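So the structure is just underneath, and the comments pick up after that.
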Amino acid sequence: MERNILAKNTTIVGELSSDGDFRIDGILEGTLKTKGRVIIGVEGTVKGTVECENADIEGKFSGDLKVNTMLTIKATANITGEVVIGKLSVEPGASVNATCSMKGALKDINQKDAKGASEKTA
């Protein structure tokens, strides 16, 4: 699978979609939808909506985050907004000020896994 990189000192405003992974070390304001992994680096900032399969956050995220499988929040992360996830891993020291709900599967992201999904709220 291909990997897209938004480099440091780069800003994108708008809507992005891809089947591949995204690494964000710059600034993204808008919407990102991918079937792959989203990595927000220590210097990265995302404001808006992200829908993805997996996510690793080391930098700043503000907005609506929908992660179908696994969200990993590193110690350097700062997250605000609304988060919907399958599984969650948070390192000590991370700043999370968000509404968080856990679901077995997100139908709007990956319908093939939604057949036997049970829904839980954390």
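The values are calculated or read from the model by the stated rules, or taken from the named source; none is laboratory data. These numbers were taken from a predicted model, which means no experiment stands behind them. Heads up, the Cβs are rebuilt from the backbone with ideal geometry, glycines too, and the neighbour counts pull from every protein chain shown. We work out accessible area using only protein heavy atoms, side chains counted, and drop any ligands, DNA or RNA first. Shrake-Rupley method; radii C 1.70, N 1.55, O 1.52, S 1.80 Å.
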- Inside the stretch 16-25, can you point out the residues that are among the small types (Gly, Ala, Ser) and either in a strand (DSSP E or B) or surrounded by fewer than 12 Cβ atoms within 10 Å (Cβ to Cβ) (or both)? 17, 18
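Going by the structure shown, is residue 84 within 12 Å of the chain's Cα centre (by Cα) and surrounded by fewer than 21 Cβ atoms within 10 Å (Cβ to Cβ)?
Working: within 12 Å of the chain's Cα centre (by Cα): yes; surrounded by fewer than 21 Cβ atoms within 10 Å (Cβ to Cβ): yes.
Against the criterion (within 12 Å of the chain's Cα centre (by Cα) and surrounded by fewer than 21 Cβ atoms within 10 Å (Cβ to Cβ)), residue 84 qualifies.
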- What residue, of 13, 38, 42, 50, is in a strand (DSSP E or B), modelled with pLDDT of 95 or more and open to solvent by 70 Å² or more (accessible area, probe 1.4 Å)? 13
- Item | Members of the stretch 12-45 found to be among the hydrophobic types (A, V, I, L, M, F, W, C) and under 19 Å from residue 77 (Cβ atoms), listed by number | 22, 24, 27, 28, 32, 38, 39, 40, 42
- Message: I need a count of the residues in the stretch 53-81 that are within 18 Å of residue 23 (Cβ to Cβ), open to solvent by 30 Å² or more (accessible area, probe 1.4 Å) and not in a strand (DSSP E or B).
- Response: 3
